[in-house]
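Working notes, structure below.
We did not get these values from a lab; they are worked out from the coordinates using the rules stated. Everything numeric here is computed off the predicted structure, so don't read it as measured data.
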Amino acid sequence: MHLARFNWLWHDITSYQPYDQEHTFTSPVVGTGTESRTRAISYVLQTLTANHRELLMLLAEQQLSRADTGAGGVEGLEAPEFLLLCQKSK
């Protein structure tokens, strides 16, 4: 399909308002206390799809197991290795 066939419309709606004024309508998710961090993590996890939660769980399990054995070092888990683990977990 050719992009020329679309009738694109563009509006510049930059407000140039300070950040705190632009986001007065949103409730703060992240704060300094443990409770607000827990609430923030919970909010993020609720917005993920089931597939994304499974990937995140797999990644967390790998990182924790590597931390326990000392195999992870500072490098962590490389993307090709993680992709292979994801493919095996299906």
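Tell me, Kirkwood radius of segment 49-90 from alpha-carbon pair distances, in Å? Mind showing how you got there, number by number?
Details: mean 1/r = 0.0933 Å⁻¹.
Result for segment 49-90 stands at 10.7 Å.
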Estimated vicinal HN-Hα couplings, Hz - segment 48-54 in sequence order (Karplus 6.51, -1.76, 1.60; Gly, Pro = x): 7, 6, 4, 4, 5, 5, 5
Phi-based couplings in Hz for segment 9-17 (Karplus 6.51, -1.76, 1.60; Gly and Pro marked x): 10, 9, 10, 8, 10, 4, 8, 6, 7
